[in-house]
1. Using 0.36 nm per residue of separation minus the Cα-Cα distance, give me the extension gain between B:Thr165 and B:Leu118 in nm, one decimal.
2. Of A:Lys63/A:Lys182; A:Lys112/A:Lys182; A:Lys110/A:Lys182; A:Lys63/A:Lys169; A:Lys92/A:Lys153; A:Lys63/A:Lys153, which pairs sit farther than 30 Å apart, going by alpha carbon to alpha carbon?
3. Counting only other chains, and only Cβ atoms inside 10 Å, what mean value do you get across the residues of A:190-199?
4. Can you tell me which of A:102-108, B:314-320 comes out highest on packing, and rank the rest after it, using the mean Cβ neighbours within 10 Å?
5. How would you order B:194-202, B:356-364 from highest to lowest mean count of nearby Cβ atoms within 10 Å?
6. Sequence-distant or interchain residues sharing an amide H contact under 5 Å with A:Thr191, placed H: which?
7. On C-alpha positions alone, give me the angle between the axis of helix B:229-259 and the longest principal axis of chain B, in degrees, nearest 10.
8. For a quick protection proxy, order the peptides B:32-45, A:165-178 by their average other-Cβ count within 10 Å, most packed first.
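What follows draws every value from the coordinates through simple rules; no lab data is involved. Computed from a predicted structure; not experimentally measured. Here the Cβ positions follow ideal geometry from the backbone for every residue, glycine too, while neighbour counts run over all protein chains shown.
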Amino acid sequence: MKLRISSDARQPPAQKAQNTRAELTRRDLLRSGAAVASLTLAPGVTLMAFGGSQAQAAADADKRWGLLIDVNKCSADCDDCVSACSTENGWKGHGHPETDAQWIRKVTLKNKATGRESSMPVMCQHCEAPPCVDVCPTGASFKRPDGIVLVDKHICIGCRYCMMACPFKARSFVHEPVVDQKSHAPRGQGTVEACTLCIHRVDAGGVPACVEACADAGHQAILFGDLRDPESAISRALLEYPTLALRPDLDLNPGVRYANLG
Amino acid sequence: MPERTIYREIPANSAVWGVAILLGAFVAAALASVVYVEHHGHIVTGMSNQIVWGLPHVFAIFLIVAASGALNGASIASVFGHAPYKPIARLSAVLAMSLLIGGLAVLVLDLGRPDRILVAMTTYNFTSIFAWNIYLYTGFLIVVAVYLYVQMSRQPYIRVRIAGTVAFLWRLALTTGTGSIFGWLAARPAYDAAIMAPLFIAMSFSFGLAVFILVMNALFRLSGRRIGNMLMRRLSHLLALFAGAVLYFTAVQHLTALYATEHGGFERFILLQGGHLTWAFWLVQVVLGGLLPIALIYIPRVGASRREPVIASVLVILGGFAQVYVIVIGGQAYPLQMLPGFEIASAFGDGAIGSYSPSLPELMLGLGGIAIALLAVGFAAKVLRILPTNLLDANVPGNR
């Protein structure tokens, strides 16, 4: 049974879909067995394959996930989104911010002309045309069909060219040995990492940890949803209020947008 | 024209062994640094999430750029048919390959996961200039090896010329690729400029020739052979010309950026307020590495003419390192502008000038790359007939 499961896992998604149509019952049976087998026999191996084909297969090409951050609702003295991300994904500081992982951080933007200050979180902006994906020599940086930009830890060689290319300083290089990793967020010393938009939650129908934490804190400053669905709350809000993307001059069409920033 | 030059391996005398052992020690120190950094992580280097490329990249890029320029002698001989350069064409080709190997070694050994080099060699993303460069670098080694073979097997001149022309075009592509690593980074105000490619080509002409002059002199001295003043004068005049070209492209680079208001902040930083980076730019890169060697070569002086090309070469190399340092470190130290018209601040150094203090392992890795390159060229000179026995004026073809 184990052998047949792994051959199924190697098939491309299109082939899998065809086969499934032909022998639905048997496939369903095997797949349910696969879930049990992989969870009980080799959870580490399965979950470490976080990037690449498995992550691609989990994505729904009909969706594009995004965030809308209302900076008016974001409190300058609150960083619950940052601590929630850290707890959820198992990254934490070692006391040196310059080399510590920062999947999400709070920044203050001050309008040079008016002096107005805004506090807001910045994370991977999940660009439609991500420069990190363009420059990655091995293809370790990739974009899922649903717009989430990830790093495949198996083929990242740690060259840091993506960090040179990212306009948002959103990526971190793992400078120190990592311990106590979360099985859903594999990390590796010497590789690059960034916000995953909590794909483990999103793929299971949930929302990213930062969104949940912001709501729990009573701010409701971060709205998560499908940018392709005109009926989603995020799409309606984007229609209703003026918003902008960071580095609009680069025309990257990020999945993260900011409202009331000006 | 009949070949008059006699090429012989250098002898294994005690001086050669002494230099080889010294270089070997540097290579060993570099490997120890790699093990140390890989064990503890890059936390033991001066690099951070803002300065992601540090001193190893400065050494690697200098060596890779110089590799392309070390081919100058061979190109002038084979492509442009200048007879006086023919005796140095073999050494020129070998040095080009050696410098590239040294530079690539540093680049690979500084990766977060150097053990995954096979992944880099087998998994490509063709929208990445880095991936193209892997082909350009390995291709350069193959093309120059073929070029060296046709020279050493004394093939008809037309074949040498064809191989030399391919190598010449390839080196232009190679340095275009290296410059474009920076030139195509649209996000950073320090880069994002098409002039990076021609600037790097000019840098390669200059740095590579300077390294060539020093290595040739060292090998001739170690093997007790002599070089005539006329060849040295030719090479040094060429060096002054190339050093001038680097200054020219540097001036255009900064004048263009100064014209755009959005780049004004970065230019103010590098040209005026960047502390040691500003000093490295003006004093080391422009004055010591550019104006002074040009003056040394072009302003006639009485006596000491034999030492001037060597001194000028040392200065050009010094200025070259400063230039690559200012490009690589200065470009990253200047903060990213997240939103035009806004100032940014955070606990993560947003909006602040990044600081970088290179650590000893980084320096040793970089020096190890130089040692690898020099060991490789020395070894080649020991086992291959690439070095003429005599380059005194009377023995160099085409001298008048």
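1. Numbers: separation 47, 0.36 × 47 = 16.92 nm, distance 3.10 nm.
Length difference between fully extended and current span is 13.8 nm.
2. Long pairs (Cα-Cα over 30 Å): A:Lys112/A:Lys182; A:Lys110/A:Lys182.
3. Across A:190-199, the average partner-chain Cβ count within 10 Å equals 2.
4. Values: A:102-108: 21.6, B:314-320: 23.3.
Packing order, densest peptide first, comes out as B:314-320, A:102-108.
5. For the peptides B:194-202, B:356-364, the packing ranking is B:194-202, B:356-364.
6. A:Val174
7. That works out to roughly 20 degrees.
8. Packing order, densest peptide first, comes out as A:165-178, B:32-45.
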